[in-house]
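Notes follow once the structure below has been shown.
The values are calculated or read from the model by the stated rules, or taken from the named source; none is laboratory data. The model shown is predicted, which means the values in this text are computed figures rather than measured ones. We place every Cβ from the backbone using ideal geometry, glycine too, and count neighbours over all the protein chains shown. Accessible surface is based on the protein model in full, side chains and every heavy atom, while ligands, DNA and RNA are left aside. Shrake-Rupley method; radii C 1.70, N 1.55, O 1.52, S 1.80 Å.
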Amino acid sequence: MVLVVVFGAALLVAVLLSGLAARTVLSTSLLFLLGGALVSDGFLGLIHITPDSELVSVTADLALFAVLFTDGMHVSLPKLRANWKNPARALGLGMPLAFVFMALATHYLAGLDWTTSFLVGAVLAPTDPVFASAIVGRSEVPAKLRQLLNVESGINDGLALPVVLVLIAAAGPTTGSAEASLAGIALELALGLALGITLPLAAGGLVRFRLLGAEPKLQPLLPLASGIILYATCHLTHANPYLAAFSAGAVLAHTSPEAKQSFEPLGEALAELAKFAALLVFGALLTPQLFGALSWGGYVAVLLAIVLIRPASLLISLLGTRLPRRQKLVAAWFGPKGFASVVYGLLVLQSGIPQAEKAFTLIAVCIAFSIIAHSSTDVPIARAFRVDDLAGIPVAHEDAGPGSSPAHQGDPRRCPS
């Protein structure tokens, strides 16, 4: 019950400070992370949570599922069909580059073997915009930038998982199991995608029966019920719950706009609660002993992951695109490590591979540093787009051709987003 009291107190403080956080560098996510660290064994000792605790894996798993389900609802399929190239570049080139560069940094700086280094690279390759919500959730931020970050983060979790599982098998005592598990991993992904598409379609079909229909005040519970069934079914069938969650949210938004509209306030609130709970629990793992266990080379690798590897990888992937230069830079910076990395890092720790603890320590420290860096810079950068628009400052667009009129180039409200 101590953990419940701590969560309630942290939630109260976060709500009371949320207005200030929306205008400044103060981050509600960071409050929960620091709150968890403060009450853990490393400081006040009010709660005792270890990385192998079921509470850690369950809260991170639920939070990631909830966030991906609501993120999927923000994906507009017509807009995605019209503007798929930038997300495809980020996923097809930027993510593999970040994976390889992180593996190189981990091996040469942190001293992990090659297989474990590539495993760390796979765990830290996915991004999570939940820690940069002001970027993907504010209308003044250009739509193409928001869509790029949202789609990239929603899909890259599912893309990284099979690589993580194969590398865990390869790093374990019986490396021959990696090839044998590949078919099972592909089946999990395919089943997750199938469930994520069929379940919302089935629920939407039931609503259209003449004798059935939800009372207005209960309409928000229909997507919630679908999400609960989907989550449980994925775990019962060993389907990939994260790919299922994102695809289900996208299908629901596309086939039932009224259901999306009614569920959105409730869904966002539930996703925030799950996120805060997971942050509090994860923060409890961030003890002085954990930070002290990481070598100086590991800290250098962590800093490179945040300030160089992600930005360079995405900028390379976006070369030659028509995205404005400033939007490229913002997209390159906002590559926060989030709940997918937490969940996959726990898989590494619980796998029993020889260097599991060293790998998890590096992963946990990188996530903590990323949350601090990205959740404290999202609001100022998002507001900069609004300030420029109000001031009438021309925004330099790389796609402005030689025939573009000066008036068009000088009016940011008419520049394509």
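List of remarks:
Condition check ((1) among the acidic types (Asp, Glu); (2) closer than 30 Å to residue 46 by Cα; (3) open to solvent by less than 10 Å² (accessible area, probe 1.4 Å); (4) touching a strand residue (DSSP E or B) at 6+ places or on another chain (Cβ under 9 Å)) across all residues:
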{"position": "283", "(1), (2), (3), (4)": "no, yes, yes, no"}
{"position": "289", "(1), (2), (3), (4)": "no, yes, no, no"}
{"position": "295", "(1), (2), (3), (4)": "no, yes, no, no"}
{"position": "304", "(1), (2), (3), (4)": "no, no, no, no"}
{"position": "320", "(1), (2), (3), (4)": "no, no, no, no"}
{"position": "334", "(1), (2), (3), (4)": "no, no, yes, no"}
{"position": "340", "(1), (2), (3), (4)": "no, yes, yes, no"}
{"position": "343", "(1), (2), (3), (4)": "no, yes, no, no"}
{"position": "349", "(1), (2), (3), (4)": "no, yes, no, no"}
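- For the range 271-306, filtering for residues that are closer than 18 Å to residue 365 by Cα and free of Cβ contacts under 8 Å to residues at least 60 places away in the same chain leaves 2.
- Test: residue 195 is out of contact with any His (no Cβ under 6 Å at 6 or more places or on another chain), at pLDDT 80 or above and of a type in the set (A, V, I, L, M): yes
- Some residue of the range 106-120 being more than 17 Å from residue 374 (Cβ to Cβ) and modelled with pLDDT under 85: no
- Filter pass, residue 378 being within 23 Å of the chain's Cα centre (by Cα), among the acidic types (Asp, Glu) and modelled with pLDDT under 85: yes
- Check on residue 236, assigned to a helix (DSSP H, G or I), open to solvent by 50 Å² or more (accessible area, probe 1.4 Å) and at pLDDT 90 or above: yes
- Residue identified as at pLDDT below 80 and over 24 Å from residue 160 (Cβ atoms) among 176, 213: 213
- Screening 34, 112, 46 for residues that are more than 23 Å from residue 152 (Cβ to Cβ) and surrounded by fewer than 16 Cβ atoms within 10 Å (Cβ to Cβ) leaves exactly one candidate, 46.
- Sub-7 Å Cβ pairs linking a first residue in the range 182-206 that is touching a residue at least 40 places away in the same chain (Cβ under 8 Å) and closer than 15 Å to residue 243 by Cβ to a second residue that is of a type outside the set (Ser, Thr, Tyr) and open to solvent by 70 Å² or more (accessible area, probe 1.4 Å), at least 6 apart or interchain, are 188/238; 199/229, ordered by first then second residue.
- Condition met for residue 41 (at pLDDT 80 or above, of a type in the set (D, E, K, R) and either open to solvent by 50 Å² or more (accessible area, probe 1.4 Å) or within 17 Å of residue 277 (Cβ to Cβ) (or both)): yes
- Cβ-Cβ contacts under 9 Å between residues 6 or more apart (or on different chains), taken from a first residue in the range 123-134 that is among the hydrophobic types (A, V, I, L, M, F, W, C) to a second residue that is modelled with pLDDT under 65, are listed as 134/22.
- Which numbered condition residue 279 fails, given (1) within 25 Å of residue 6 (Cβ to Cβ); (2) open to solvent by 20 Å² or more (accessible area, probe 1.4 Å): (2)
- Restricting the range 81-108 to residues that are of a type in the set (Gly, Ala, Ser) and in contact (Cβ under 8 Å) with a residue 60 or more places away in the chain, the residue that is most open to solvent (accessible area, probe 1.4 Å): 92
- For the range 53-80, the tally of residues that are surrounded by fewer than 18 Cβ atoms within 10 Å (Cβ to Cβ), at pLDDT below 80 and either closer than 24 Å to residue 372 by Cα or not charged (D, E, K, R) (or both) stands at 4.
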